[in-house]
Amino acid sequence: MDPISIIFSVLILIMSVVLHELSHGYAAVALGDPTPRIQGRLTLNPLKHLDPVGSVIVPIVTSLFGFTFGWAKPVQWNPYNIKNKRTGELLIAAAGPACNLLIAVVFGLIIRFAPFSASFVDIASYVVLINIVLTLFNLVPLPPLDGSHVLFSLLPPSLSNVRVMIERYSVFFLLIALFVVWPLVSPLIYVLFHALTGV
């Protein structure tokens, strides 16, 4: 990537992960947990959400290799404030990827149907690609990703010990997600990109 493309892609990623975490926060508050509001996470101010490594260093480094990836500080929520903990966990976990998917769909439809300039289409294409990546990666059902919380919320309570054991080794499972599962999932990126944009 050229320097201008790197700057745009990092900025797009930052806003996308901010909206991702903001969605988790609003979902938790809507379900009865004030923790995200108390911690000041219901804001578009990036400084409240950014992780120095995941939101700055990793996006810049990955952009040098032709793709942009990163994350923000996870929004914290208290399951004891949620009436139905299992349904609540599912909805809160799914809110982040759903937000990224919605962003990808909106900008994909803009590219497909709106008569904008080529430079705008280039920027919108980055928006679609980055948000597709965030959606797919976060839906991988391995901890600490959102997909694991969706999966765990669907498991019977009798398997809670299995969940505790798996979460204890979340770093190990994250490496599996990155180097084993993601290469299998990533071909869907351009399938979805073409389906949304027609490009």
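Count Lys and Arg as plus one, Asp and Glu as minus one, and take only other residues whose Cβ is under 13 Å from that of residue 151; the net charge is then -1.
Simple rule: put +1 on each Lys or Arg Cβ and -1 on each Asp or Glu Cβ in segment 3-197, find the dipole, and look at 90, 129, 157; the Cα lying farthest toward the positive end is 157. Taking percent of Cα pairs over 27 Å apart as calculated from this structure, the corresponding entry among (i) 31; (ii) 61; (iii) 52 is (i).
For segment 1-91, the square roots a ≥ b ≥ c of the C-alpha gyration tensor eigenvalues yield an a/c of 1.5 or more together with a/b exceeding b/c, which makes the shape prolate. Put a plus charge on the Cβ of each Lys and Arg, a minus charge on the Cβ of each Asp and Glu, and nothing anywhere else: the dipole of the chain about its Cα centre is then about 500 debye.
Counting only lysines at least 8 places from residue 73 when in the same chain, those with an alpha carbon closer than 16 Å to its own are 48.
Only the coordinates and a few stated rules stand behind these numbers; no lab work does. Worth saying up front: this structure is predicted, and the values here are computed from it rather than measured. Every residue, glycine as well, gets a Cβ built from its backbone with ideal geometry; the counts of neighbours run over all protein chains shown.
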